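The structure appears right after this line, and notes come after that.
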Amino acid sequence: MLKGKRAVITGGGAGFGQALSVWLAREGVEVDFCARRANDIQKTCSIISAEGGIAKGYICDLTQPDSLSQFSSKLLTSDKPIDILILNAAQWLSGTLDDQPDTEIINTVSSGLTGSILLTQALLPSLRRSESADIVSIISSCGIPNFTDSIAHPAFFASKHGLSGFTTKLSHQLSEENIRVTGLYPPDFELTGLDSFVDNQFKMGERLMNGRSVWETISFMLTQPRSCHINSIYFDGPTREKLGNKG
């Protein structure tokens, strides 16, 4: 059901963004993604092309409006509409409020929130041309009200709460245009490769959730009929710190 669609993914050069790019390409999706480093772009493209998939990477720094503008302009030159936009990129920041310099705080909010808002705004014309557009925000449990069980910096929490609010409001507004918007709130999770992962040896709370589970949740959501709009998905799971303390 995803074959032939076009997806745009932020932060596709490494980690979960790279995994999402590969997994979508395996489903026959044409993948456009951004990353900050040319080497990371090459790595993701090499994996996908080796498997016969289609992907194109672009250098983009989500903290810089000019870089965002250049990225979106290149994407909009294609006649093919954007069917899937996954807002995945975010700069991680840990510590207390006075642990980090101003520049790190600004970049954390800009990459995870402001950049996502501006990119979505720029790509809306292409999303509107799709017959079945989806926007997916990878928010994290740090965007859940009253959740504090993380070593993340307050600015990271602020970024994720802001993205949650943006996603919630956008979901309401764009539903009238047949564009689904969904926010995902995963806890800490791990990546153990790009192949299928099945683990029935551990009980709940004994290890981190696997990123493959997040992808399969996204895949399920994207393949539902348009009458099914899942606007928020929450996951339960331990933090790295909790598991470390148990050890």
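The values are calculated or read from the model by the stated rules, or taken from the named source; none is laboratory data. All values derive from a computational prediction rather than experimental measurement. Using ideal geometry, Cβ is built from the backbone for each residue, glycine included, and neighbour counts are taken over all protein chains shown. Ligands, DNA and RNA are stripped out before the accessible areas are found, and what is left, the full protein with its side chains, is counted by its heavy atoms. Shrake-Rupley method; radii C 1.70, N 1.55, O 1.52, S 1.80 Å.
What is the distance, in nm, between label points placed 7 Å from the Cα along the Cα-to-Cβ direction at ARG129 and at ASN39?
A separation of 3.6 nm, rounded to one decimal place.
Go ahead and run the numbers for FRET between GLN70 and LYS203, Cβ-Cβ distance against an R0 of 51 Å, rounding to 0.05.
E(calc), rounded to 0.05, equals 0.60.
Can you tell me which lysines have their Cα less than 17 Å from the Cα of LYS169? Leave out same-chain residues fewer than eight positions away.
Within the straight-line limit of under 17 Å, LYS169 reaches these lysines: LYS160.
So for the range 1-81, if I pair up every lysine 8 or more residues apart or on another chain, how many of those pairs have alpha-carbons under 21 Å apart?
Going through the range 1-81 pair by pair, I get 9.
Return the FRET efficiency for the residue pair THR223, ASP102: r is the Cβ-Cβ distance, R0 is 41 Å, and the value is rounded to the nearest 0.05.
In this case the efficiency is close to 0.40.
Let me make sure I get this right: for the chain, a, b and c are the square roots of the gyration tensor eigenvalues over alpha carbons, sorted descending. Under 1.5 in a/c it's rounded, otherwise prolate if a/b > b/c, else oblate. Which is it?
Judged from the Cα gyration tensor, the chain comes out rounded (a/c under 1.5).
For ARG180, what is the net charge nearby, where nearby means another residue's Cβ is under 9 Å from its Cβ and Lys, Arg count +1, Asp, Glu -1?
Here the charged neighbours net out to 0.
Report, as a whole number in µm² per second, the diffusion coefficient that Stokes-Einstein gives for the range 156-228 at 10 °C and 1.306 mPa s using the Kirkwood radius over alpha carbon pairs.
108
Please label the shape of the range 205-247 as rounded, prolate or oblate, based on the square roots a ≥ b ≥ c of the eigenvalues of the alpha-carbon gyration tensor (a/c under 1.5 means rounded; beyond that, a/b larger than b/c means prolate, else oblate).
prolate
What number comes out for the charge environment of LEU24, summing +1 per Lys or Arg and -1 per Asp or Glu over other residues with Cβ under 14 Å away?
-1
Could you list, by residue number, the cysteines of the chain that have no other cysteine's beta carbon within less than 4.7 Å of their beta carbon?
Within the chain, the cysteines lacking a partner Cβ under 4.7 Å are CYS45, CYS142, CYS228.
Quick one: of the DSSP bridges fully inside the chain, what percent are antiparallel, nearest 5?
Rounded to the nearest five, the antiparallel share is 5 percent.
At q = 0.16, 0.22 Å⁻¹, what log₁₀ I(q)/I(0) does the range 85-135 have when each alpha carbon counts as one equal point scatterer in the Debye sum?
-0.56, -0.79
Which percent of Cα pairs goes in each bin when the distances of the range 91-168 are cut into 10 angstrom slices starting at zero?
18, 45, 25, 10, 2
When a/c reaches 1.5 or more, the comparison of a/b and b/c decides; with that in mind, is the range 102-247 rounded, prolate or oblate per its Cα gyration tensor?
Oblate shape, in that a/c is at least 1.5 and b/c is the bigger or equal ratio.
Express the accessible area of the chain per residue in Å², computed with a 1.4 Å probe while the remaining protein chains stay in the model.
Each residue of the chain exposes 49 Å² on average to a 1.4 Å probe.
Please identify the chymotrypsin sites (Phe, Trp or Tyr not before Pro) of the range 16-45 that satisfy two criteria: DSSP loop assignment and at most 10 other Cβ atoms within 10 Å. Which are they?
none
Pick from PHE189, PHE202, PHE156: which residue has the top mean-square fluctuation in a GNM of the chain where Cα pairs under 10 Å get a spring?
For the chain, modelled as a Gaussian network with Cα springs under 10 Å, the answer is PHE202.
Counting only other residues whose beta carbon sits under 11 Å from that of ALA35, what net charge do I get with K and R as +1, D and E as -1?
Net local charge, ALA35 excluded: +1.
Under a plain spin-label model, where a point goes 7 Å from the Cα along Cα-to-Cβ, how far apart in nm are GLU190 and GLN121?
Taking the simple label geometry, GLU190 and GLN121 are separated by 4.1 nm.
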